Every structure is written in C-alpha cells, then in structure tokens.
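The values are calculated or read from the model by the stated rules, or taken from the named source; none is laboratory data. Please read all numbers here as calculations on a predicted model, not as lab measurements. Virtual Cβ from ideal backbone geometry, glycine too; neighbours counted across all protein chains shown.
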Amino acid sequence: MHRSPVKASARRYNGRAMAVERNVYTVSRLNREVRLLLERGLPGVWVEGEISNLARPSSGHWYFSLKDRDAQIRCAMFRQKNSAVKFVPKDGAAVVARGRVSLYEPRGDFQLIVEHLEEAGLGALQREFERLRDKLAAEGLFDEAGKRALPEVPRRIGVVTSPTGAALRDILHVLGRRFAPVPVLIYPTPVQGAAAVPGILAALERAAQRQDCDVLILARGGGSLEDLWAFNDERVARAIRAMPMPVVTGIGHEIDFTIADFVADLRAPTPSAAAQHTVPDGRAWLAALARFDQRLQASAARTLRDADAALARLRQRMRLASPGVRVAQAVQRLDELEARLALAMRGALLGQRHRAAELGRRLVEASPVARVHAAAASGKALAIRLERAMLGELARGAHRLDLASRTLDAVSPLATLQRGFAVVVRATDRSLVTDAATLKVGESLITRVASGEFRSRVTED
C-alpha cells in the first residue's frame, strides 16, 4: 500500500484537543511525486557547466555530471539524442545543455535529462569557424587562382559597412587623403548582431545588381570573435565569391581573421589598410607626373634641337647639289638606257627568228607522213602473213579431224553392230548382260541392233 492513514492520538493545540490524521508516503510514491513536480514546474532549461564523470555504456546512452565551482548535477543523455551532437564530449569540457529537470526514482537522484548539447563559449565558435573554413577550402573557394586583380585606378569604390562606425570614417579619410577624385558609394548595413548577416547579404546583392562600382570594400572595426561572427557566415562567404567585382576585406584588427577574409580577393588587416589598397597614392602620382613632365619637356627640346640640326644639314646639301645638275645627269642616264633597250630588243628578236627556223626544220624532219606510209606497208605485209598462216592452220586441222574420225569409226560400237552384232541390257536398270547364267526366267531384256532396238523376255534357263 502507498499510504496508511492512522488515527492519531489527541493533541492539544491552543488548549484544545484535536484529532490529527497522518498521510504517510512510501518512498516510491514520494520519489514519483517529486519527479512529477520537477518535470511540471521546470519543463525545459538551459544549463552551462563542465563535464565530469562521463560514462558511455554499451547501450549508447551517456551519463555524466555538470558542475561549476559550487555545485553539480547528474545528467543523462539517451542514444536517440546524443547521436546528433557535433563534437566528442570529454571530461573537463565546458558545455551548454538543454533538457528537462527530473528525478531518477530508484535512487532518488536529482538529474537533468539532456536533449541538446553544445560546446560553450569561444570553443564552440572556434570549432564552427574551423569546420566552415575547412569545408570551403575543400570546395576551392580560397584558391589563389580564383582571386581577381584590383583595378589600378577604380572609377568608383563601394563600401559595405555600418554607416555610424569608425571603420567608415577611417576608410573615407584614407581615400580622401590618398586619391580624392575617386567617388565612394556606401551600402549601409549592420555589422554585428542578429541583423548583421541579412543586412550584409542584402548590401552585397544590391552592389551585384547595380554594378556601379568596380571594387568593393567590406569592413568593420575590431571586436571579439562573437562580434565578428557575421563575417564567418557561410552565406556571406559564398556571396563574396559570387560578386561580379573584386572584394577587399578590412575586418577587425591585424590579428583577426574571418571566413570572409579567406574568400575575398584581397584581405587587408584593417579598414584603413583596405582603403589604402584600393586606390593609388595620389602624391606619388603627382610626383611621377612631375617627373614625366620634366622628361617630356627635355625630350621635346632635344627633338627640336635635332630637327634644327638636320634641317641645317639638308640646306647645306641643297646648296652643294643643284637640282639642275641632277636633272641633266638623269636625262643622260635615260638616253643610255634607251639605247641599251633598243639593242637588247633587236638581239632578242634575231635570236627568236633563228630559233623559229630551227624548230621548222626539225618539224619537217620529224613529219608523221613518212611514219604513216611505213606503218601501212608493214600492216599489209603482216596481213598477207596472217592469211597464209590461217590457211595452213586450217588445212592441218582438217587433216587431223579426218584421222580422228577414221580412228573413232574403227573403235565405235556402232560399227560392230553394222557387222551383225547386238547389245543386250536389262529392261529394269539397263545394265549390260555379259553372262547368260545371270538371267532369270521372265526377266525383260532390251536388245539393240544396228538399226533400232527390241524387247524380249527369258522363257527358260
């Protein structure tokens, strides 16, 4: 039984006697009631502490304690929940656990049933940073081959940062001091807190759509790892890589590195340094232009001096060499060339005449008429020889045919039949009968004589 109400003896309260009924709990009932009170009163809590006495039995469940400097609590995390934990817990690790408060009835132990477990503080953020860094590096988002060069003189610079932060003032100061003519377009966005990531993504998307800047600075001032965490977001990293223009990051201080720094086309240690990298030094350009101006003036003066000297030399040569003399010499040279041309033409014409005469003579000597007559005489002689040879061959063939015919007649069986002989064969298969003993009574025979054949039948042996 769970309770045993017992009538108590009379007690005196305020001078009066009262009967008290005691409600006695069993241990099981008490633990159950306490468990229900705890689970209903604290349905879900977050607890931060340090893991100790971690046990992993073969069931797959985890049992451990969470402690701080002054207290500790027993914890249980069942296999269905701990399979989703993204790190390997160990004794001494600082964690944050979400669970429900309960009581283990068999021992009466106060405990926390853990449903979610994560590393606490900077350790979890650092692990997430390293995980994302390794993932994006494996995809090639940090490869130097994909980095784009900055324009030597940008036509407009875009700045994605907080409009009220010191980073923007530093960037504008450096740009104005180094190269004031370059215009600056600001894309305002929060750079810290829950609104930072959506704001940065929206600013990058606007810059990508408008494309009115040929270089973009993504910047914010220094801060803790949590303060800079928006720049470690995977969506921000992929948006930077997808930008149509090069991106320079100037986030935090020189020792701060974020995922955005790794994926950007150029990482500067500070916002001021980022501004310094995007524009040339105006003073250096002015000094260089001044040197170029001096060199140009010196070169122009040297060129003019050289041209004056060349002109003086040409005038001197003109005075020494009169054009009339040159024209006379050219006329004389033309007359000489004309005489040489006429002589060469006569010589060439004479040579062509001699060659034509020689070719005519050779053509007459090699006329085809003589060859045609010779060929006709040879053909006639060959025709006569062919006719004689054919007649002789026909005569010899006729003689050989006559001899063969006589020989064939001499051995022909038909000639034997002419002399009164006959050939007897069986009517069934026309096999030759050479022995009368092989014949049977009633067997039909066919007898061939010189003129025709007749049938007969064997009547007796």
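May I ask you to verify whether residue 410 is among the aliphatic types (A, V, I, L, M), assigned to a helix (DSSP H, G or I) and in the same structural domain as residue 450 (by TED's automatic domain parsing)?
yes
Can you tell me which residue among 329, 418 is closer than 30 Å to residue 456 by Cα, at pLDDT below 85 and more than 60 Å from the chain's Cα centre (by Cα)?
418 is the lone residue from the list that is closer than 30 Å to residue 456 by Cα, at pLDDT below 85 and more than 60 Å from the chain's Cα centre (by Cα).
Could you list all residues from the range 127-152 that are touching a residue at least 24 places away in the same chain (Cβ under 8 Å), surrounded by fewer than 13 Cβ atoms within 10 Å (Cβ to Cβ) and not charged (D, E, K, R)?
Correct list: 146, 149.
Residue 216 is checked against (1) at pLDDT 95 or above; (2) part of a loop (DSSP other than H, G, I, E, B); (3) not polar (S, T, N, Q) and fails just one. What number does that condition carry?
(2)
Mind listing just one residue for me: the one in the range 77-96 that is modelled with pLDDT of 85 or more and of a type in the set (Lys, Arg) and, of those, surrounded by the fewest Cβ atoms within 10 Å (Cβ to Cβ)?
Among those residues, the one meeting the criterion is 90.
Which of the following residues is in contact with a Gly (Cβ under 6 Å, 6 or more places away or on another chain) and farther than 30 Å from residue 188 by Cβ: 107, 100?
Selected residue: 100, the only one of 107, 100 that is in contact with a Gly (Cβ under 6 Å, 6 or more places away or on another chain) and farther than 30 Å from residue 188 by Cβ.
I'd like to know if the range 120-137 contains one or more residues that are over 15 Å from residue 258 (Cα atoms) and touching a helix residue (DSSP H, G or I) at 6+ places or on another chain (Cβ under 9 Å).
no
Tell me, which residue of the range 156-165 that is crowded, with 18+ Cβ neighbours inside 10 Å and polar (S, T, N, Q) is farthest from the chain's Cα centre (by Cα)?
162
Of everything in the range 118-155 that's assigned to a loop (DSSP other than H, G, I, E, B) and basic (Lys, Arg), which residue is farthest from the chain's Cα centre (by Cα)?
155
All but one of (1) surrounded by 15 or more Cβ atoms within 10 Å (Cβ to Cβ); (2) of a type in the set (D, E, K, R); (3) not in a strand (DSSP E or B) hold for residue 74, so report the exception by its number.
(3)
Kindly indicate which of 112, 168, 216, 204 is buried (at least 18 other Cβ atoms within 10 Å of the Cβ) and either closer than 30 Å to residue 66 by Cβ or charged (D, E, K, R) (or both).
Values: 168 fails: either closer than 30 Å to residue 66 by Cβ or charged (D, E, K, R) (or both); 216 fails: either closer than 30 Å to residue 66 by Cβ or charged (D, E, K, R) (or both); 204 fails: either closer than 30 Å to residue 66 by Cβ or charged (D, E, K, R) (or both).
After ruling out the rest, the residue left standing is 112.
For the condition under 30 Å from residue 204 (Cα atoms), touching a Ser or Thr at 6+ places or on another chain (Cβ under 9 Å) and of a type in the set (Val, Ile, Thr), what is the one hit in 249, 270?
The unique qualifying residue is 249.
Contact list please: Cβ distance under 7 Å, first residue in the range 173-201 and over 30 Å from residue 287 (Cα atoms), second residue part of a strand (DSSP E or B) and small (Gly, Ala, Ser), pairs at least six apart or on different chains.
Going by the 7 Å Cβ cut-off, the qualifying pairs are 187/158.
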